[in-house]
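Here is the structure we will look at, set down as structure tokens.
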Amino acid sequence: MRKPLIAILFFLILLFMNVNTSNAATAVKISYNVTFPEVQAHYTDIEMNIEHLTQNTLVLKMPVWTPGSYLVREFAKNIEGFTISANGKEIPFKKTRKNWWSINTQGLSHITIKYKVYCFENSVRTAMVDLSHAFLSTSGIFIYPEGMLQNPSTIHIAPFGGWDKVSTSLEMVNNDPFTVQAPNYDILFDSPIEVGNQDVFGFDAAGVKYQVAMYGGGNYDKERLKKDMAKIVEQETAVYGENPNKHYVFIVHNNFRGGGGLEHLSSCVLGASRDAYGSERGYQNFLSLVAHEHFHLWNVKRLRPIVLGPFDYDNENYTTDLWIAEGFTAYYQDIILRHAGLIPADNYLNVMANDINQVENTPGKKIQSVADASFDAWIKAYRPNENSNNSTISYYSKGSAIAMLLDLEIINDSQTKYSLDDVMKYMYNTYYKLKKRGYTDEEFKQGLEKFAGKNLDEFYKKYVYGVNDVDYNKYLGYAGYKITDAAAATDDPSLGMMTATTNGKIIVMSVLRDGTAWVDGINVNDEIVSVDGKPVTDVNSILADKKVGDKLSITVNRDGLPLVLPITLLRNDLVKYKIETLDDPSAQQLKVRTKWLNYNGN
């Protein structure tokens with residue numbers, strides 16, 4: 001009886017200690033003051049105060065990556081002037097890892113940390129500060145105490161000069177727009193902050209208040225955007241059956257040449273070209289970006305692969321499911337525009353044909369599966385080189401194509417009762433709302449099978465884990481369409497390489513796997529000097545009056561030395577697919593078409 005009693009007492013002591021430690025961490029008060037004394041030099045100054053400490057040691061950390069962008073970005077590299085003080089005196093610390101600072105806090109209840117962050121990387125995922133505005137990508141700005149990711153924090157922002165607005169999804173404190181609070185660090189790191197004089201307007205949709213913060217100007221029409229963005233919100237909310245936000249913020253950076261986006265829980269950041277809104281193509285591309293990043297508030301921010309939360313901010317977070325998280329979202333970004341009546345059916349089919357062309361003209365499609373592309377995003381997708389096109393596939397474009405196949409399969413096999421929408425809603429309700437966790441690879445596959453009414457082992461083997469050729473006509477045929485290659489009957493030669501002209505020199509930038517340059521040994525960084533002894537000033541002239549099988553002698557400058565390479569021109573194997581309607585589609589095919597495209601003849 002004695003040993004069990006001792007064991008029970010020991011367990012109770014440990015439990016008491018853990019509860020006390022947890023309570024102590026919870027009682028800690030954390031606040032930040034953000035100032036911009038050297039905004040012209042791209043610096044943000046941070047003062048962090050941690051109060052009510054009871055522990056003897058404290059480790060402070062800076063995330064190495066930002067969720068949604070799968071690359072270790074080493075944000076700690078931008079920190080300088082790091083100091084810690086208590087009771088009016090500086091105290092020592094030790095940097096123990098690239099992004100960790102260790103402090104002896106014995107006898108200290110309140111410490112102040114000060115540091116500067118260099119903010120000069122203009123993208124949707126990194127901080128940028130200059131005289132015109134401050135964009136704070138929070139995972140690269142705020143350090144946090146180890147073991148306290150669940151602690152709330154308060155951020156006070158002292159704006160520079162005449163800046164008068166803060167745009168963020170974080171909640172205001174006492175209606176002060178320059179003081180906001182985060183309930184925990186996962187929310188803080190998922191809530192970018194725009195500070196400046198951005199043009200702010202709003203609209204209501206799906207019971208949610210939306211704010212659009214436009215930085216950089218542009219030829220946009222606010223009233224048209226409000227109307228069309230609301231349609232996108234309503235259409236996407238209809239997929240899942242609810243919109244979980246109370247308010248949502250679109251932060252838009254309008255640059256001379258802009259693009260890209262990054263999703264967040266209750267906001268997103270969009271990169272746009274400020275003068276592109278005036279053309280229909282530019283406007284449609286912007287709406288597609290809006291639809292993509294907003295769709296993420298469900299797909300990946302809440303309905304997510306199981307490994308993408310809780311996050312490990314110190315290391316890579318690996319998943320084989322980015323083809324779902326990003327690829328399915330890439331599919332929905334355009335089908336949503338079609339369902340919302342913002343683009344005609346023919347436009348949508350052209351978009352899908354372009355996506356398919358992108359996949360099929362990437363030699364890496366035969367090398368890397370879309371599951372492997374997802375897992376290796378950290379080392380390949382975000383770190384491309386001159387050979388990436390030959391060895392990798394985009395989980396965006398290939399994932400989008402797979403989503404289209406599955407959508408058509410489900411619609412057809414269920415006799416138009418279900419679509420991919422039903423899968424997304426079921427998975428959202430089951431894993432985010434009911435089980436309150438992410439899904440595994442197998443669980444998502446089971447969700448698809450539930451609505452397809454069939455086993456998808458072979459589909460996964462071929463298209464998810466394999467690199468088989470896709471039978472597009474089988475799936476498009478369900479809706480009375482077919483895919484045709486406009487280049488199939490051509491027999492044009494190709495050099496199989498991409499070049500750029502720099503200071504009058506034609507430099508090889510990439511070569512295409514199994515193309516002419518690849519087979520005959522033309523290398524990246526070669527300078528094309530002459531063909532058959534004649535100087536070349538225009539690479540396009542090399543193929544003038546040439547046909548497949550012709551033999552040429554190309555002189556290149558490689559590492560400062562001349563090299564003569566005999567080459568034999570091979571056929572240009574790039575495809576130019578387009579989606580066309582079948583002659584005399586059946587009633588079932590038209591029914592599937594209507595379900596898929598909300599098709600009513602336009």
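The values are calculated or read from the model by the stated rules, or taken from the named source; none is laboratory data. Since the model is a prediction, treat every value here as computed from it, not as a measurement. Positions of Cβ are generated from backbone atoms using ideal geometry, with glycine treated the same way; all protein chains shown enter the neighbour counts. Accessible surface areas use protein heavy atoms only, side chains included; no ligands, DNA or RNA. Shrake-Rupley method; radii C 1.70, N 1.55, O 1.52, S 1.80 Å.
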Of all residues making up region 555-590, the number that are closer than 17 Å to I483 by Cα and assigned to a loop (DSSP other than H, G, I, E, B): 8
Members of region 257-270 found to be open to solvent by 10 Å² or more (accessible area, probe 1.4 Å) and either in a strand (DSSP E or B) or in contact with a strand residue (DSSP E or B) (Cβ under 7 Å, 6 or more places away or on another chain) (or both), listed by number: R257, G258, G259, G260, G261, S266
Residues being within 30 Å of G259 (Cβ to Cβ), under 27 Å from the mean Cα position of the chain (by Cα) and of a type outside the set (A, V, I, L, M, F, W, C) - total across region 80-137: 11
Any hit, region 361-368, residues being of a type outside the set (S, T, N, Q) and surrounded by 22 or more Cβ atoms within 10 Å (Cβ to Cβ): yes
Unique residue being more than 30 Å from K576 (Cα to Cα) and open to solvent by less than 60 Å² (accessible area, probe 1.4 Å) when the list is Y475, Y431, Y460: Y431
Selection within region 248-277 - among the charged types (D, E, K, R) and under 17 Å from F201 (Cα atoms): R274
V529 farther than 27 Å from Q368 by Cα, open to solvent by 40 Å² or more (accessible area, probe 1.4 Å) and assigned to a strand (DSSP E or B): yes
Answer residue from region 153-200, given it is among the aromatic types (F, W, Y) and out of contact with any strand residue (DSSP E or B) (no Cβ under 6 Å at 6 or more places or on another chain) and is least open to solvent (accessible area, probe 1.4 Å) among those: F189
Pair list, Cβ under 6 Å, 6 or more apart: region 144-158 residue at pLDDT 95 or above, other residue of a type in the set (D, E, K, R) and open to solvent by 10 Å² or more (accessible area, probe 1.4 Å): Y144/K61; E146/K61
Index of the failed condition, F375 passing every other in (1) hydrophobic (A, V, I, L, M, F, W, C); (2) surrounded by fewer than 21 Cβ atoms within 10 Å (Cβ to Cβ); (3) not in a helix (DSSP H, G or I): (3)
Count of residues meeting criterion [part of a helix (DSSP H, G or I) and in contact (Cβ under 8 Å) with a residue 12 or more places away in the chain] in region 213-223: 1
Qualifying residue in region 436-450 (condition: free of Cβ contacts under 8 Å to residues at least 12 places away in the same chain, closer than 24 Å to N243 by Cβ, of a type outside the set (A, V, I, L, M) and part of a helix (DSSP H, G or I)): no
Top-ranked residue of region 539-570 - restricted to ones that are of a type outside the set (A, V, I, L, M), at negative phi and free of Cβ contacts under 8 Å to residues at least 24 places away in the same chain, ranked as most open to solvent (accessible area, probe 1.4 Å): K551
Residues that are within 17 Å of V252 (Cα to Cα), out of contact with any Leu (no Cβ under 9 Å at 6 or more places or on another chain) and outside any strand (DSSP E or B), drawn from region 165-212: N197, Q198
Single residue of region 378-414 satisfying the filter (open to solvent by 60 Å² or more (accessible area, probe 1.4 Å) and in contact with a helix residue (DSSP H, G or I) (Cβ under 8 Å, 6 or more places away or on another chain)) that is nearest to T594 (Cα to Cα): Y396
Among the candidates E80, E90, E121, residue that is open to solvent by 40 Å² or more (accessible area, probe 1.4 Å), in contact with a strand residue (DSSP E or B) (Cβ under 7 Å, 6 or more places away or on another chain) and either among the small types (G, A, S) or under 19 Å from V269 (Cβ atoms) (or both): E121
Of all residues in region 488-505 being of a type in the set (A, V, I, L, M) and more than 27 Å from N523 (Cβ to Cβ), the one that is surrounded by the most Cβ atoms within 10 Å (Cβ to Cβ): A488
Region 23-67, residues that are buried (at least 22 other Cβ atoms within 10 Å of the Cβ) and either without any contact (Cβ under 8 Å) to a residue 12 or more places away in the chain or touching a helix residue (DSSP H, G or I) at 6+ places or on another chain (Cβ under 9 Å) (or both): L53, M62, P63, V64, W65, T66, P67
Matching entry among E236, E242, E280 (being in contact with a Phe, Trp or Tyr (Cβ under 7 Å, 6 or more places away or on another chain) and either open to solvent by 10 Å² or more (accessible area, probe 1.4 Å) or more than 21 Å from D130 (Cβ to Cβ) (or both)): E236
Check on G327, crowded, with 19+ Cβ neighbours inside 10 Å and at pLDDT below 95: no
Region 93-118, subset charged (D, E, K, R) and in contact with a strand residue (DSSP E or B) (Cβ under 9 Å, 6 or more places away or on another chain), residue least open to solvent (accessible area, probe 1.4 Å): K116
Candidate set: region 125-152, residues that are aliphatic (A, V, I, L, M) and not in a strand (DSSP E or B); chosen: the one most open to solvent (accessible area, probe 1.4 Å): L131
Options A489, A479; residue that is of a type outside the set (V, I, T), over 30 Å from S419 (Cα atoms) and out of contact with any Cys (no Cβ under 7 Å at 6 or more places or on another chain): A489
Residue in region 528-582 that is farthest from Y475 (Cα to Cα), counting only those that are of a type in the set (K, R) and within 38 Å of the chain's Cα centre (by Cα): R558
